[in-house]
Each structure stands twice: as structure tokens, then as C-alpha cells.
Amino acid sequence: NYYKCSHVDKSVANPEQIICEDVPKYCSGMAQCTGEVISSIVDVLFYSQRLSSYTRTNSYTLAMCGYIFGAGALVKMVSPNFAKMYKRKQALEGSYRMAQSRLKSNSESVAFYKKGILVEAKTIEQRLPDMVS
């Protein structure tokens, strides 16, 4: 549960972000992915069947499938690792939100401590450029 992740376990750095943002993003992404995969499979089966019925041979169908898989492999090799980039972006956003949340929850203590405002401002100002760039 949230309390255990936030205060006891400490293995999850930003449980607020994971619960509030990552879980809904994951669910909507999986729902969209399922629809796209099913649609793609049906399209490949339909076009393969139609192509083989028009040509009465499977050689064109095999050539089409080879082209599709070859193009997919080429795109996979050439494109950057978007998953790694997205994971880094989420970690930086979570770090920034955690600093904001910490400031909000400890605002009274920060206000009474003479250098507290400077320390917290420095922390947030360091995390913001990392997140934006």
C-alpha cells in the first residue's frame, strides 16, 4: 500500500507519481496496444488470404511477410531506445514532483528555518532544468 511504499519500504522513490500517473498511463497504453495488435493480426491474415487467392501461390505472400518483418527489424535497429528515454523522463518528473511535495508538506518548518527557503529553492531550481532539458 501507499504508506508502506512511502514511509517503510523506501524501495520506490516516488510512490505518488507511480500511483497517480504511471498506473493510468500503463492501463490506457495496454488497452490501446491490445486493439492495435488484434487489428494488425487480422489485417495480415486478411491481406495474406486475399493475395494468395488472387495469385494462387504463396510466394508473393511469403515475400510480403518477409518485407514487413525486414522493414520492422530495420526500424528497430535504426530508431533510438524510446523506452529508456521515457523512463528517464518519468524519473526526472517524479524527482521534481517529490521536491515540490516535500516543500509543500514541510512548508512551515522551511519558513521558520532561516536558510530553509534557500536550501529548498536551490533543490527545486536544480531539478527543474534537468526535467525540462
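Can you confirm whether Ile41 is touching a residue at least 12 places away in the same chain (Cβ under 8 Å), of a type outside the set (D, E, K, R) and in a helix (DSSP H, G or I)?
Criteria not met by Ile41.
The single residue among Ser95, Ser52 that is in contact with a helix residue (DSSP H, G or I) (Cβ under 6 Å, 6 or more places away or on another chain) and touching a residue at least 40 places away in the same chain (Cβ under 8 Å) turns out to be Ser95. Remark: pairs (first residue in the range 15-29, closer than 20 Å to Gln100 by Cβ; second residue in a helix (DSSP H, G or I) and modelled with pLDDT under 80; Cβ separation under 6 Å; 6+ apart in sequence or on different chains) = Pro15/Tyr2; Pro15/Cys5; Pro15/Ser6. Right, Val42: of a type in the set (Val, Ile, Thr) and over 20 Å from the mean Cα position of the chain (by Cα) or not? Yes.
Can you confirm whether the range 82-105 contains a residue that is surrounded by 13 or more Cβ atoms within 10 Å (Cβ to Cβ) and more than 21 Å from Glu21 (Cβ to Cβ)? Checking the range 82-105: not a single residue is surrounded by 13 or more Cβ atoms within 10 Å (Cβ to Cβ) and more than 21 Å from Glu21 (Cβ to Cβ). Across the range 37-60, the qualifying residues are those that are at pLDDT 85 or above and of a type in the set (D, E, K, R), and the one among them that is most open to solvent (accessible area, probe 1.4 Å) is Arg50.
The values are calculated or read from the model by the stated rules, or taken from the named source; none is laboratory data. Source: prediction; values computed, not measured. All Cβ positions, glycine included, derive from the backbone under ideal geometry; neighbour counts span all protein chains shown. Please note that ligands, DNA and RNA were not included when accessible areas were found on the heavy atoms of the full protein model with its side chains. Shrake-Rupley method; radii C 1.70, N 1.55, O 1.52, S 1.80 Å.
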